[in-house]
Amino acid sequence: MFSHVVIFWTKPELPEAADALIAGAEKYLRPIPLAKSFHIGRMVPSHRPVVDQSYQVGLHLLFEDKAAEAAYQVHPLHVEFVEKVFKPNCARATIFDFA
């Protein structure tokens, strides 16, 4: 299995950016059939200092292998998500891939 985790920091001047990001992922990313598992959600506050609480939204996708994740990256719905949802709403993102 291959995990693809994306941590999103939304633009602070856009108070609805996290909601738009989650809705956009549901619209554009969830329907892509290459992902075996899809989970997106808001950062959950924690009292533990080791838990990063600087981001707003996290996305975790599980693929069969790296080749499936690579095909996902160029899927038209993913490209559309990047242009229509990610770029207008996010200041940055960090990605963690592991197998």
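Taken together, the values in this text are just the output of simple stated rules run on the coordinates, not laboratory data. Predicted model, so just to flag it, every value in this text is computed and none were measured. Cβ sites come from the backbone with ideal geometry, for glycine too, and all protein chains shown count toward neighbours.
Computed values, structure above
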quantity: Listing of strands (runs of 3 or more DSSP E) fully contained in the stretch 1-81 that carry 3 or more residues being of a type in the set (V, I, T); calculated: 2-10
quantity: Members of the stretch 16-72 that are of a type in the set (D, E, K, R) and surrounded by fewer than 18 Cβ atoms within 10 Å (Cβ to Cβ); calculated: E16, D19, E26, K27, R30, K36, R42, R48, D52, E64, D65, K66
quantity: Inter-residue pairs, beta-carbon under 8 Å, first farther than 19 Å from A93 by Cα and in the stretch 44-72, second among the hydroxyl-bearing types (S, T, Y), 6+ apart; calculated: F63/S3; F63/Y72
quantity: Condition broken by A67, with the remaining ones in (1) hydrophobic (A, V, I, L, M, F, W, C); (2) farther than 13 Å from F2 by Cα; (3) over 11 Å from the mean Cα position of the chain (by Cα) satisfied; calculated: (2)
